[in-house]
Amino acid sequence: MTIRNPGLTSPCKVVNFLLVCALFAFCQLAMATELGNAPVAANLLPDAKFFSTAKSVQSQEDCLQFFEKKYGESSAAGDSKGGASNRAFQQAVASFGEQLRKVDCLRFVYKVATHSVEGFVLQPKGEAVDALKKLPAIIYNRGGNDTFAFITPSVVMMDFSFLALKGFVVIATQYRGAKVWGDNAGFDIGQDEYGGKDVDDVAALLPVLAGMPKVDAQRIGMMGVSRGGMMTYLAAKNNPKIKAICVVSGFADLVDEAKRRPDLEKGALSRLIPDFQNNKDAALKARSVVYWPDQLDKKMPVLLIHGTKDSRVAVDNTIKLADLLKQRAHPHKLLLYPEAGHDLSPHWFAARDEIVNWFAEKL
């Protein structure tokens, strides 16, 4: 509704103008009441179509509503796996939902070359931060592959919402090829290459962050967990835009990991890495930071976190990387949690504090 300049030259016109304003306010209130229970996606960029001005962003919706709709429909359809997922979602909301309501959370789809990729972005709610202050941002790289360990409600709430609660914008990619679209997506979802061209999906989040008005593009960090550690090293390689990184239980030497874990080689590595059988050694070395530590910017500090009882990713390789960084006087910190496994249990909450302090100091 547009109100033209009424030209307040008489008491009558003043009264008429006030009546129009009152009518407008009443309509707005009625609309708000009518839509009070309707799902309305949060928008981190007011008065704009999407939360970022980046042209790659194709769509967005509130992530909690997206998860509830996704798992609720699966459960209602009688899908036993969907029912289990829905119960897990409800449990996650019960445990962490109150915290998540303190941040704006969006699920979005963005384009990388010809592929559509799913992403998530979290930002402290407006009232929790200085309206004039830009925030540091962290790119979170998940573990798993195209069929395993997706970004789920539990991952959002447990693994990286804590950073948004501490004043960081957090953005994450599901990686291309992730089987999260159903049987017939109807568009190109790409192919996970386990540290190949899928690294572009991580790099493509940088212009998305640059298009967010609350983000300070000079203070961007990156965090990776498990396979996401490998993705972090690869994305940060020769990239001055990444100012600090943290890797938790991450792959540093896939050559050694393939020897230790035949199931990994026969599974994800041989299935996803292009031409793996004919190019195995070169492909694994290209994905292993211990073979090219000099390509990490020495101005970029590295936090390495690992449990000494990790049975999925060898702690020895993280220690090996720390030694290589030490030899090169590369700023880093190594934290080893005794008796902790791949998920750092029971030390995850202590590790979270270390991660928050690291990025608060380095960004």
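Close amide H partners of Leu135, meaning residues 5 or more places away or on another chain with modelled amide H under 5 Å apart, are Val215, Asp216. In loop segments of the range 250-348 as defined by DSSP, the GluC sites (Glu not before Pro) with at most 14 further C-beta atoms inside 10 Å of their C-beta are Glu339. Legend: translational diffusion of the range 214-325 by Stokes-Einstein, Rh = Kirkwood radius over C-alpha pairs, 20 °C, 1.002 mPa s; D = 148 µm²/s. One chain, two ends: Trp292 and Phe148. Fully extended at 0.36 nm per residue, the span grows by 49.0 nm beyond their Cα-Cα distance.
Above 14 Å, the calculated P(r) of the range 151-195 contains 60 percent of its Cα-Cα pairs.
Taking the Cα centre of the range 168-216 as origin, work out the dipole magnitude from +1 charges on Lys and Arg Cβ and -1 charges on Asp and Glu Cβ, in debye rounded to 20. Could the numbers behind the result be given before it?
Numbers: 4 positive and 8 negative charges, 34 e Å.
Magnitude of the dipole: close to 160 debye.
If R0 equals 22 Å, the separation of the Cβ atoms of Glu61 and Ala210 corresponds to a calculated FRET efficiency of about 0.50. Using the Karplus relation 6.51 cos²θ - 1.76 cosθ + 1.60 with θ = phi - 60°, the per-residue 3J(HN,Hα) values for the range 344-351 come to 6, 4, x, 9, 4, 5, 5, 5 Hz, with x marking Gly and Pro. Given R0 = 25 Å, the distance between the Cβ atoms of Arg260 and Lys326 translates into a calculated FRET efficiency of 0.60. Among the listed pairs Lys102/Lys134; Lys49/Lys111; Lys134/Lys241; Lys55/Lys280; Lys237/Lys326, give every one whose C-alpha distance is greater than 28 Å. From Lys102/Lys134; Lys49/Lys111; Lys134/Lys241; Lys55/Lys280; Lys237/Lys326, over 28 Å: Lys55/Lys280. For the range 232-298, the spread of Cα coordinates along the three principal axes comes to 36, 23, 17 Å, biggest extent given first. Placing R0 at 51 angstrom, the Cβ-Cβ distance between Asn278 and Asp316 gives a FRET efficiency of 0.95 after rounding to 0.05.
Every read-out reported here was derived from the displayed coordinates using simple, explicitly stated rules and does not represent laboratory data. Not measured: the values here are computed from a predicted model. Virtual Cβ from ideal backbone geometry, glycine too; neighbours counted across all protein chains shown.
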